[in-house]
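> There's a structure below that I have some questions on.
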Ligand code: FPP
């Protein structure tokens, strides 16, 4: 969800106003995704590296997250959405962690769509944590190293319960991954749009989905193989 700061600065506003407008985009995109019947969406709301931003910006983002969790609680529950989180959640202040944990528990049985917030999240950090757990299981004899394969490794990641990642959208014209779902993007389609996140609304999501629908996903096969349904 990139471009909040630039959007605000272009209007002569403080960066936090960009994040506030970005929270409106979050609401619209979440609603549209639910209406479209998407199985899961994950929003990269705060990276492991974002803790190093100015304290005022970090505090403002935490406040916005709290407002979102409290303000959207009933809509999330009414729409059978399961709220999840990935990342180093224990680092979050109680003002965010408490409503987050509460909404995760209250929505855990919902099946219409999974909305995952990536908070204090880093793709590399997730992989390192998975390797630590794997090493522990190998040392205790729960896992034989020769039994480790792609599927088992995936099971140690925080995204294990999510469907395979089909589409990654990055806003604001930057063409980088910035430590997001590094393992999971292996066969994802990447769509980069110049639209800044505070201006990214459902019509832009539809455009990205159109681009995605016109891609040929080959997963290492040839077009001919796909055409003959191998
Ligand atoms: C990146 O833009 C965006 C963030 C670091 C924060 C994203 C947060 C929100 C959209 C609002 C709160 C989230 C929820 C789920 C309610 P940037 O600040 O790096 O923008 P820039 O590159 O233009 O400076």
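> How many times 2.2 N^0.38 Å is the alpha carbon radius of gyration of region 53-168? Kindly include the intermediate steps, with their values, before the conclusion.
On the way: Rg = 16.6 Å, N = 116, 2.2 N^0.38 = 13.4 Å.
Compactness ratio reported: 1.24.
> Please work out the Cα center distance from region 121-194 to region 199-230, rounded to the nearest Å.
Going from one Cα centre to the other spans 21 Å.
> Related question: Pick from 170, 82, 124 the residue whose mean-square fluctuation is largest in a GNM of the chain, springs joining Cα atoms under 10 Å.
Answer for the Gaussian network model of the chain: 124.
> How far apart, in nanometres, would the label points at residue 213 and residue 148 be if each is projected 7 angstrom from Cα along the Cα-to-Cβ direction?
4.2
> Assuming a ≥ b ≥ c are the square roots of the Cα gyration tensor eigenvalues, decide whether region 1-42 counts as rounded (a/c under 1.5), prolate (otherwise, with a/b larger than b/c) or oblate.
Verdict is prolate for region 1-42.
> Let me ask another. If R0 is 22 Å, what FRET efficiency do you get for residue 73 and residue 206 from their C-beta distance, rounded to 0.05?
The computed FRET efficiency comes out at 0.25.
> Same structure again: Checking the a/c ratio against 1.5 first, then a/b against b/c, what shape does the Cα gyration tensor give for region 178-230?
Because a/c hits 1.5 or more and a/b fails to exceed b/c, region 178-230 counts as oblate.
> Return the tail of the calculated pair distribution for the chain, meaning the percent of Cα-Cα pairs more than 21 Å apart.
Of the Cα pairs, 61 percent sit more than 21 Å apart.
> Averaging sequence separations of C-alpha pairs under 8 Å and six or more residues apart, then dividing by the length of region 2-150, give the relative contact order as a whole percent.
The value is 27 percent.
> Each label point is 7 Å from the Cα along the Cα-to-Cβ direction; what then is the distance between the points at residue 188 and residue 95, in nm?
3.0
> Along the principal axes of its C-alpha atoms, what lengths does region 6-121 span, in descending order and rounded to whole Å?
41, 30, 21
> Let me ask you something else. Just subtract the alpha-carbon distance of residue 131 and residue 102 from 0.36 nm times their residue separation and send over the number in nm, one decimal.
7.5 nm
> Inverting the mean 1/r over all pairs of different Cα atoms, compute the Kirkwood radius of region 65-115 and quote it in Å. Don't skip to the answer; put the middle values down first.
Working: mean 1/r = 0.0912 Å⁻¹.
Roughly 11.0 Å, rounded to one decimal.
> Is the shape of region 104-216 best called rounded, prolate or oblate, per the rule: a/c under 1.5 gives rounded, else a/b larger than b/c gives prolate, else oblate, with a ≥ b ≥ c the square roots of the Cα gyration tensor eigenvalues?
Prolate, because a/c is 1.5 or more and a/b exceeds b/c.
> Starting from the Cα-Cα distance between residue 225 and residue 13, subtract it from 0.36 nm times their residue separation and give me the gain in nm to one decimal.
71.0 nm
We did not get these values from a lab; they are worked out from the coordinates using the rules stated. Computed from a prediction, not measured in an experiment: that's the story for all the values here. Cβ coordinates were reconstructed from backbone atoms using ideal geometry, including for glycine residues, and neighbour counts include every protein chain displayed.
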